[in-house]
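Only one structure is covered here, and it is reproduced in the block below.
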Amino acid sequence: MLEVDNVEITYNDVILAVKGVSLRVPDGQIVTLLGANGAGKSTVLKSISGVLKSQEGEIESGEITYDGKRLNGISPEKIVHLGICQVPEGRRVFSDLTCLENLKAGAFTRKDRKGVKQDIEKSLGYFPRLQKTFHVKAGYLSGGEQQMLAISRALMGSPKCLLLDEPSLGLAPLLVKEIFSIIGRINLQDALSILLVEQNANMALQVAAHGYIMENGRIVMDDPCARLRKNEDVMEFYLGITAEGGKKSFADVKHYKRRKRWLS
Ligand code: ATP
């Protein structure tokens, strides 16, 4: 179980980006963290994976634990060793390395060569599109293929808990569907816990079991996804669907965002 307990995070000692966030990712579950741009979602992920420091970020208070072990202040390498891997936003693959080399780089913490080979096969099973690009430099892959490679590379570290930052970003709807269905399969087949940060609430609420909604650095709502999908505010604000079942226009949603007060 991954637990974030009442965490406050600042950047450069002054910008309070996360204001007392608590969330839990039970073993084997997909949990999603939703919210608009700048809500603080990525900052929460970075605090878990330990990369905040490199970006002038600091956990000021609160605690992050994984299987009862405190993660505050632990280096990103040690956190990977504990079984937590992050797939950062923007599918940052090593563009001058081939797909195969990217996958091998993801296994840098491992000594079991046979296991690594098996996991490469397994990744190709999850993402068959990567088979034909296996020896191609990652920089030449399409956006969707790069996202698939980024997820596969994280899987090569044999994680128990995956932190996924906006896997749908900039991808065509069909590809997003494909990637989310594979995320669901990976969770089921490998019993992998996943904390999924997304702006595509529609897809995230379908694949996850529990959802948290974040605004301006705080969690303003959390519930099982089945309930969030039926919540009128979530439907209107995040899914763009009115109570009557119609779709809202982008202008309507923008207007709604302005008048909505989650924290009244
Ligand atoms: P997005 O969906 O756009 O990625 P987000 O919800 O993930 O948004 P964060 O990236 O966590 O939001 O940013 C939260 C706040 O912290 C924002 O106001 C952002 O400008 C600020 N912030 C993020 N990274 C830094 C940084 N390295 N230095 C200073 N401020 C930062």
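Read-outs throughout are calculated quantities, based only on the coordinates presented, and are distinct from any laboratory measurement. Please read all numbers here as calculations on a predicted model, not as lab measurements. With ideal geometry, Cβ positions are generated from the backbone for all residues, glycine too; neighbour counts draw on all protein chains shown.
General remarks:
- Each of residue 132 and residue 113 was given a label point 7 Å from its Cα along the Cα-to-Cβ line. The distance between the two points is 3.2 nm.
- Between region 104-135 and region 24-81, the alpha-carbon center distance in angstrom: 26
- Percent of beta bridges antiparallel (DSSP, the chain, rounded to nearest 5): 60
- Set 46/69; 104/132; 132/160; 53/137; 69/117; 53/78 screened for pairs whose C-alpha atoms are more than 19 Å apart: 132/160; 53/137; 69/117
- Computed from phi, the 3J(HN,Hα) profile of region 96-105 under the Karplus parametrisation 6.51, -1.76, 1.60 (θ = phi - 60°) reads 8, 9, 6, 4, 4, 5, 4, 5, 5, 4 Hz, with x in place of Gly and Pro.
- The value of relative contact order for the chain, using C-alpha pairs under 8 Å at least six residues apart, is 25 percent.
- Counting neighbouring beta carbons within 10 Å and listing from fewest to most, the residues 92, 153 come out as 92, 153.
- Residues of region 12-52 with amide N under 15 Å of a point placed 7 Å along Cα→Cβ from residue 82: 23-27, 45-52
- Max-minus-min Cα coordinates of region 113-190 on each principal axis give 35, 28, 18 Å, with the largest extent listed first.
- Between residue 70 and residue 220, the simple spin-label model (points 7 angstrom out along Cα→Cβ) gives 3.3 nm.
- Cα gyration tensor category, rounded, prolate or oblate, for the chain with a/c compared to 1.5: oblate
- Residues 126, 11, sorted so that the one with the fewest Cβ neighbours within 10 Å comes first: 11, 126
- Annotation: amide H-H contacts under 5 Å for residue 212 (H modelled 1.01 Å from N, sequence separation of 5 or more, or interchain): 32, 33, 34.
- Potential extension, residue 94-residue 202 segment - 0.36 nm per residue separation minus Cα distance: 35.9 nm
- Sorted ascending by nearby beta carbons within 10 Å, beginning with the fewest, 93, 14 become 14, 93.
- The calculated 222 nm mean residue ellipticity attributable to helices in the chain amounts to -10500 deg cm²/dmol, summing -39500 (n - 2.57) over DSSP H runs of n ≥ 4 and dividing by all residues.
- Spread of Cα-to-Cα distances over 10 Å intervals beginning at zero, given as percent, for region 83-123: 25, 55, 20, 0
- Table column - 3J(HN,Hα) (Hz), region 177-187, Karplus curve with 6.51, -1.76, 1.60, x for Gly and Pro: 4, 4, 5, 5, 5, 5, 4, x, 5, 4, 4
- Derived scalar couplings ³J(HN,Hα) [region 218-223; Karplus, 6.51 cos²θ - 1.76 cosθ + 1.60; whole Hz; x for Gly, Pro]: 10, 7, 9, 6, 8, 5
- Computed lengthening from residue 37 to residue 209, 0.36 nm per intervening residue step minus Cα-Cα distance: 59.7 nm
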